[in-house]
Every structure is written in C-alpha cells, then in structure tokens.
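Participant: Starting off with a structure, shown below.
Please treat every number below as a calculation from the coordinates, not as lab data. These numbers were taken from a predicted model, which means no experiment stands behind them. Glycine also receives a Cβ, built like all others from the backbone with ideal geometry; neighbour counts cover every protein chain displayed.
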Amino acid sequence: MKPVRTRFAPSPTGYLHIGGARTALFSWAYARRHGGTFILRIEDTDVARSTPEAVQAILDGMQWLGLEHDEGPFYQMQRMERYKEVIQQMLANGSAYYCYTTREELDALRAEQEAKKEKPRYDGRWRPEAGKTLPAAPADIPPVVRFKNPKDGVVAWDDQVKGRIEFANGELDDLIIARADGTPTYNFCVCVDDWDMGITHVIRGDDHVNNTPRQINILAALGAEVPTYAHLSMILGDDGAKLSKRHGAVSVMQYDEDGFLPEAVINYLARLGWSHGDEEVFSRQQFVEWFDLDHITASAAQFNTEKLLWLNQHYMKLTPPAELTARVKGILAARGVDTSAGPDLEKAVVLYVDRSNTLNVLADAVEVFYSHVTPNPELLAQHLSAEALPALADFVAGLATVAWETPAISALVKEVIGKHGLKMPKLAMPLRIILTGTAQAPSVDALVEMIGRDHVVTALSKHL
Ligand code: GLU
C-alpha cells in the first residue's frame with residue numbers, strides 16, 4: 001500500500017464554512033488514521049474572488065480546529081509556471097491542442113445546436129485526428145488550449161461514498177485547459193496539483209462529482225496514477241434546506257465567537273455524515289482511530305444545533321475549571337467587565353457550568369457578580385412576600401456568624417424556613433432575585449457561599 005496523502009484544497013473566497021471544515025476534518029483524519037500526510041492547498045486562481053483575508057480566515061479556522069497540515073500551504077497562483085510547462089508537454093505529445101474558434105463562432109455553434117434541440121458543446125473543429133486536415137491557424141487569433149478527451153468508452157471510478165460512478169466519454173467536451181491569455185483553468189490545475197503532490201485520496205464535496213471524470217481523463221493523459229475519490233454529500237441546515245448563510249453561524253470562526261469549544265465542533269462535525277455504531281461522544285484521537293471511508297453516508301447530513309449545544313456543554317464540563325475560567329475571564333474582559341473585584345471567578349464558573357451550553361452563556365451568567373445587579377422590582381415584589389421578610393432578616397443575622405461553607409449555609413436556610421413555617425421557594429426565590437437579578441440560579445446555599453459573606457449581607461440588607 002502506498003503511503004496515504006490527502007489534501008484540503010479550499011478556494012479562498014470567503015471564510016472557512018462548516019462544510020469546508022468537515023471536508024478538511026475527514027481528509028485530515030484519513031491521513032492521520034493511516035500515518036499519512038495531510039496537505040493544504042489554496043486554490044486561488046479565481047483572482048477576482050480570492051482575497052488574502054479569506055486565506056487568513058482558512059488558516060485561522062484550521063488552526064482553531066487543530067487540523068494541522070504536514071505540507072503546504074501551496075498556492076496555485078505560485079505554481080503558474082508549472083501548469084504552463086505541463087500544457088506545453090501535452091501540446092507536444094498530442095493530448096492537448098490549440099483551438100482558434102472565436103467567441104462569435106462558438107455563439108453561432110450554440111445557436112445552431114439549440115435550434116436542433118441538441119446539447120450545446122464544442123464540435124471538435126480544431127481537434128486533430130488521423131487523416132483529418134485542420135484549417136490553417138489564423139495568425140491574429142490567440143488560441144485556447146483544449147484537452148483531447150477520449151471520444152469513446154466510459155470513464156468510471158469507485159467512489160468511496162457514492163459507489164461506482166460512470167460517465168460516457170461522448171458526453172464530455174474537449175475541456176479548455178488554458179485560456180487565450182495562457183492562464184490555466186481550474187480543473188486542469190487540480191489535476192497537475194494532485195499529480196505533483198502525490199495525492200492518493202481525494203476527499204471533497206459532491207459538488208465536484210461532475211469534474212471528476214474530466215480530471216480522471218486528464219490524469220490518465222498525464223500518465224499520473226488516478227487517486228481514490230470520496231465525494232461527501234452536502235450538509236443541510238436544521239430546517240432541511242441546503243446549509244447557507246441564512247442559517248446563521250456557518251463560518252467556523254463564528255462558532256469560536258459564539259462560545260463553542262473546538263473539541264465540541266470537531267466531535268460534532270465528525271458525526272455529520274459519518275458514524276461508528278451509535279457512538280456520539282468521542283475524542284479526536286478516538287475519531288482518528290475509528291475513521292474510515294466505508295461509514296460515510298451517501299445521503300445528505302442534517303445540521304442539528306441542539307446536538308452541537310449539547311456536545312459543547314459536555315466538553316465544557318470536561319474542561320479543567322482553571323482553563324474554563326481563563327476563557328470566561330477573556331470574554332468578560334472583552335466586554336469591559338473587571339473580574340478582580342467580586343467573588344472568585346473560578347467558583348462562579350464551577351457553579352454555573354452545568355447550566356451553560358456555551359462559554360458566552362456562562363459568561364452572561366457570571367457577569368452579574370462583577371457588575372451592579374439591580375433586581376427587577378416587579379419580579380422581586382412578586383416573590384418577596386410580607387411573610388418572607390422576617391425570615392430574610394433572620395437569615396441575614398445568621399449569616400454574620402455561620403461557618404462559610406455550603407453545608408452550614410444550607411443548614412441555616414433550613415433552620416430559618418423551619419422557624420417561620422415557610423416552604424423553600426418563599427425564601428430561596430427572593431434570595432436568587434436579589435443576588436443575581438433573575439430567578440434562574442443555582443441552589444441558594446452554593447450561590448451565597450460563592451458570592452461571599454460581605455457582598456451577600458450588603459445586598460440582602462438593602463431589602464429589609
Ligand atoms: N477548490 C475547491 C473548492 O473549494 C475544491 C477542489 C477539490 O477539492 O478538488 O470547492
């Protein structure tokens with residue numbers, strides 16, 4: 001078996017979107033699984049749409065996901081001489097030819113074919129054939145170069161996702177591989193790159209299925225070994241429509257901004273069209289050990305935001321508290337919230353992590369402890385009943401001397417409600433509202449302990 005070499009070959013025309021990230025992940029994982037090499041290639045020949053910012057967005061996204069490449073990034077724009085050299089070789093060996101058909105002639109040809117209800121296609125007028133006499137080359141027309149696609153037979157491959165796919169060669173035009181200005185075209189560059197880079201497995205989106213027969217024919221003409229292909233089905237949004245910008249966070253870095261952990265996104269993407277039995281939660285290492293092309297589903301995968309949130313919460317809980325705290329501290333700092341005055345941030349993070357499914361939600365929850373909380377007066381009036389006020393006063397008095405630990409505070413809460421004959425929420429709800437501004441908060445004993453004696457006593461006393 002040849003050593004595995006895979007590549008991710010994005011066009012830098014936007015950000016790294018979730019579909020591209022999944023393609024990158026599968027290509028990366030396949031290389032890692034087989035001790036192979038993962039190559040990053042930037043397909044930037046569409047100069048009108050490619051930007052340095054988009055290149056950077058791809059590099060950032062890959063880095064954030066931890067999909068490190070072993071070779072590259074190679075930029076197609078830096079390989080122009082190589083493409084031109086291969087075109088010359090193909091012209092010399094007869095696998096490509098100059099075509100002088102003008103735009104007007106092509107338009108006329110198309111009109112004629114459409115009138116006859118035929119599929120518009122190049123008619124091969126400049127294609128050299130044994131015994132055929134070509135017109136004299138016009139000196140004033142810069143020619144394009146066309147690939148001499150085989151005329152007969154079929155071109156087929158065993159797609160690792162979709163099964164056997166066949167195209168009749170008769171259906172394929174003689175593809176333009178160099179424009180009149182000499183620049184090579186997209187499908188051609190991909191072939192030269194896959195060949196030069198020794199790619200053994202091409203894992204990419206199924207929007208490329210129609211390019212594959214052309215690429216296989218060109219690779220064969222070059223004498224290159226044809227790689228194994230795996231075309232991944234598209235990703236649908238939560239609503240079943242093709243995933244697009246409409247669905248919100250489709251850029252990988254948007255997930256970072258929204259408070260997702262890369263490990264959660266990786267685990268999530270791994271299950272987007274691939275499975276290992278019923279396994280839903282697994283580490284990157286485990287994924288690499290399990291990953292194969294046989295268990296990629298041919299049908300479209302559907303995005304499920306709830307599941308991603310669930311995984312994110314899982315990975316947040318697994319993250320060491322100190323690390324989680326550093327992340328939350330960063331988020332709060334970016335919002336201008338100083339966490340040095342107030343309770344210990346790590347304690348707050350630990351108390352709220354179970355209730356938060358993103359880092360941002362966690363930051364939102366703990367932010368109140370470092371900014372001035374004004375309980376909603378209506379909400380407070382609704383929950384702080386006249387009968388609870390004396391209990392609240394007793395509680396505040398008890399806080400002055402209670403041992404500052406959750407079980408002792410819990411005992412104090414119980415003692416106070418027992419003495420006043422109240423049910424727990426009668427005291428707990430106003431406490432939560434006063435201390436956090438909302439009624440959705442963790443158990444009051446832990447909350448009070450985390451906030452600290454002075455802060456709690458001051459805040460509660462204001463309402464007596
Ligand atoms: N540059 C192509 C794209 O972004 C990928 C080409 C390929 O993987 O062969 O869709």
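Participant: For THR458, THR406, what ranking results if the residue with the fewest other Cβ atoms within 10 Å of its Cβ goes first?
Facilitator: Ascending number of Cβ neighbours within 10 Å: THR458, THR406.
Participant: Hey, what's the per residue convex hull volume over the C-alpha atoms of segment 171-264, in cubic angstrom?
Facilitator: Taking only Cα atoms, segment 171-264 has a hull volume of 179 Å³ per residue.
Participant: Nearest 20 debye, what's the magnitude of the dipole of the chain about its Cα centre given +1 on Lys and Arg Cβ and -1 on Asp and Glu Cβ?
Facilitator: Here the chain has a charge dipole of around 320 debye.
Participant: What's the center-to-center distance, using Cα atoms, between segment 443-457 and segment 92-107 in Å?
Facilitator: Using only Cα atoms, the two centres lie 80 Å from each other.
Participant: Still on this structure, I have one more. Using DSSP to define loop residues, name the GluC sites (Glu not before Pro) in segment 327-390 whose beta-carbon has at most 15 other beta-carbon atoms within 10 Å.
Facilitator: Here the GluC sites (Glu not before Pro) that fit, given the DSSP loop and packing criteria, are GLU387.
Participant: Using amide H atoms built in the peptide plane, which far-off residues or other-chain residues are under 5 Å from ALA178 H to H?
Facilitator: Sorted by chain and number, the residues that satisfy this are VAL145, THR185.
Participant: Jot down the per residue volume, in cubic angstrom and as a whole number, of the convex hull over the alpha-carbon atoms of segment 51-95.
Facilitator: 98
Participant: Using the Karplus curve 6.51 cos²θ - 1.76 cosθ + 1.60 with θ = phi - 60°, what ³J(HN,Hα) values do you get for each residue of segment 343-352, in whole Hz, with x for Gly and Pro?
Facilitator: Going residue by residue, I get x, 4, 4, 4, 5, 5, 4, 4, 5, 9 Hz, with x marking Gly and Pro.
Participant: Calculate the radius of gyration of the Cα atoms of segment 372-464 to one decimal place, then report Dmax, the largest Cα-Cα distance, as a whole number, both in Å.
Facilitator: Gyration radius and largest Cα-Cα distance of segment 372-464: 11.8, 33 Å.
Participant: Positive end of the dipole of the chain, charges at C-beta (+1 Lys, Arg; -1 Asp, Glu), about the Cα centre: which of GLY66, PRO320, THR339 has its Cα farthest in that direction?
Facilitator: So the residue furthest toward the plus end is GLY66.
Participant: If you take every DSSP beta bridge whose two residues both sit in the chain, what share of them, in percent to the nearest 5, is antiparallel?
Facilitator: 50
Participant: May I pose another question? For TYR98 and ARG164, what does the FRET efficiency come to when R0 = 45 Å and r is the distance between their Cβ atoms, rounded to the nearest 0.05?
Facilitator: With R0 = 45 Å, the Cβ-Cβ based efficiency is 0.80.
Participant: Under the Kirkwood approximation for Rh and a Cα-based Rg, what ratio Rg/Rh is obtained for the chain?
Facilitator: 1.19
Participant: To the nearest µm²/s, what D does Stokes-Einstein give for segment 1-150 at 25 °C and 0.890 mPa s, using the Kirkwood radius over alpha carbon pairs as Rh?
Facilitator: Here the translational diffusion coefficient equals 129 µm²/s.
Participant: For a quick check: with amide H placed at 1.01 Å from N, whose amide H comes under 5 Å from ILE42's, ignoring anything fewer than 5 positions away on the same chain?
Facilitator: Long-range HN contacts for ILE42: PHE74, TYR75, GLN76.
Participant: What number results when the radius of gyration of segment 97-221, computed over Cα atoms, is divided by 2.2 N^0.38 Å?
Facilitator: Normalised Cα radius of gyration, segment 97-221: 1.18.
Participant: Which entries of LYS119/LYS151; LYS162/LYS242; LYS119/LYS148; LYS119/LYS162; LYS307/LYS347 show an alpha-carbon separation above 21 angstrom in the structure shown?
Facilitator: Result: LYS119/LYS162; LYS307/LYS347 exceed 21 Å.
Participant: Output ³J(HN,Hα) for segment 415-427: one whole-Hz value per residue in order, computed from phi by the Karplus curve 6.51 cos²θ - 1.76 cosθ + 1.60 with θ = phi - 60°, and x for Gly and Pro.
Facilitator: Ordered by residue, 3J(HN,Hα) equals 4, 5, 5, x, 4, 9, x, 9, 7, 3, x, 4, 9 Hz.
Participant: Follow-up. Mind ordering 83-95, 427-439 by average Cβ neighbours within 10 Å, highest first?
Facilitator: Per-residue mean Cβ counts within 10 Å order the peptides as 427-439, 83-95.
Participant: Now a separate question. Can you give me the Cα centroid spacing of segment 208-279 and segment 298-333 in angstrom?
Facilitator: Centre-to-centre (Cα) distance: 21 Å.
Participant: A follow-up question, please. If every alpha-carbon in segment 262-363 counts as one equal scatterer, what log10 I(q)/I(0) does Debye give at q = 0.12 1/Å?
Facilitator: These q points yield log10 I(q)/I(0) values of -0.49.
Participant: Against the globular-protein guess of 2.2 N^0.38 Å, express the Cα radius of gyration of segment 215-314 as a ratio, rounded to two decimals.
Facilitator: Normalised Rg, Cα atoms only: 1.30.
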